[in-house]
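Reviewing the structure listed below.
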Amino acid sequence: MFNHLKNSTRTNIICLFGHPIEHSMSSIMQNVAFKDLGLDYVYIAIDIAPNNLKQAFDVVRALDIKGANITVPHKETTLKFVDEISPLARRIGAINTIKNENGRLIGRNTDASGAKKALKEANIDLIGKNVLILGAGGAARALAHSFIKDTNDLVIVNRTSNRGKTLASELTKEYHKKVLYMKFENKVFEEKLPSIDILVNTTTIGMFPDIHISPIPKNSLHEDLTVFDIIYNPLETQLMKNASEKGCRVLGGLNMLIYQGALSFEWWTNKSPNIELMKRTILNELVVK
Ligand code: ATR
């Protein structure tokens, strides 16, 4: 994977911080893109437990690590550990990309743009639609803030009430649009899904290695529903399988992963990565698995 590195003492290190990270394809995708452009960069995925996140950022500064991606479950807590936050990431309340500019750590969020690009490419239009977002973590925040201007009703469903209620009330206040919070229970799906056009799963339920579980009972899905699951490993989650069998339109998380990753890559290196190559490489990896 690292055979593009020069015999250099200046290799630029980019990290991924998450917990867990065994599902992640980011290092494969980013390293192939660095190699393709002959860049002396290396991307390393590191499993950091929440208690050690602060020390991880001390290490980033001490080792002059040039950048990072932040994933589950650190996207919100990372706000505390950087020196500067882009206006969009501040509004969203979550960071998924960091750049180290001469010792100053700057945080941005590329999830929202990545998701919007993936939806646009799949011809999934949010305008006037009733959308239910499952989850209230960093990814849910990014998607909710970017979707709300287009949607009709927006509903947040989450296991932890505090988190879900906070997100719903923040959105209501900021966009002057009522956002409903509902607790994550099967009866909520029975009640609410019939009036929903687009269901977005931002939880980790169904992600590798627990690939046979779905956050939603199959019998609550209906054929007029579009299901967007932001999980990309596996490529087709149990939720997506169930939804396809019910006749729903279905989109997985691969393109969102690639587009948010490409935006991060451009910010770190000032170069555009080969998106097709990134996609092909991940597909090879996931299909062979
Ligand atoms: P990210 O920042 O990538 O969105 P996160 O902040 O860890 O990651 O958020 C993960 C989301 O998945 C949360 O909404 C979490 O619900 P809680 O707020 O209740 O923790 C949700 N999630 C993860 N595992 C879950 C499970 N087994 N059942 C229900 N929700 C789950």
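The values are calculated or read from the model by the stated rules, or taken from the named source; none is laboratory data. Predicted, not measured: the structure shown is a model, and the values here were computed from it. Neighbour counts run over all protein chains shown; Cβ positions are idealised from the backbone, glycine included. What goes into the accessible areas is simple: the full protein's heavy atoms, side chains included, and nothing from ligands, DNA or RNA. Shrake-Rupley method; radii C 1.70, N 1.55, O 1.52, S 1.80 Å.
Whole-Hz Karplus values for the range 144-156 come out as 4, 5, 7, 8, 4, 5, 9, 6, 7, 8, 10, 10, 9 Hz, taken residue by residue from phi with 6.51 cos²θ - 1.76 cosθ + 1.60 and θ = phi - 60°; glycine and proline positions read x. Divide the volume of the convex hull around the Cα atoms of the chain by the residue count and you get 123 Å³ per residue.
With the convex hull of its Cα atoms as the shape, the range 72-208 has an orientation-averaged projected area of 9.1 nm².
What does the highest-first list of 275-284, 66-75 look like by mean Cβ count within 10 Å? Could the numbers behind the result be given before it?
Working: 275-284: 15.8, 66-75: 23.2.
Answer by packing, highest mean first, reads 66-75, 275-284.
Seen from all directions on average, the range 226-266 presents a Cα convex hull projection of 2.7 nm².
Taking the charge dipole of the chain about its Cα centre, with +1 at Lys and Arg Cβ atoms and -1 at Asp and Glu Cβ atoms, the residue from L277, N123, F147 reaching farthest to the positive side is F147. Carbon-plus-sulfur accessible fraction, the chain (probe radius 1.4 Å, protein heavy atoms only): 50%.
Mean projection of the Cα convex hull over all viewing directions, computed for the range 24-144: 8.9 nm². Using only the alpha-carbon atoms of the range 16-80 as identical scatterers, what base-10 log of I(q)/I(0) does the Debye formula give at q = 0.12 Å⁻¹? For the range 16-80 at q = 0.12 Å⁻¹, log10 I(q)/I(0) is -0.32.
Assuming R0 = 45 Å, can you tell me the calculated FRET efficiency for the pair N102 and K218, based on Cβ-Cβ distance, to the nearest 0.05?
0.30
Taking the Cα centre of the range 112-252 as reference, the dipole from Cβ charges on Lys and Arg (+1) and Asp and Glu (-1) amounts to some 440 debye.
Any idea of the accessible area per residue across the chain, 1.4 Å probe, to the nearest Å²?
Working: 13120 Å² over 289 residues.
Heavy-atom accessible area per residue stands at 45 Å².
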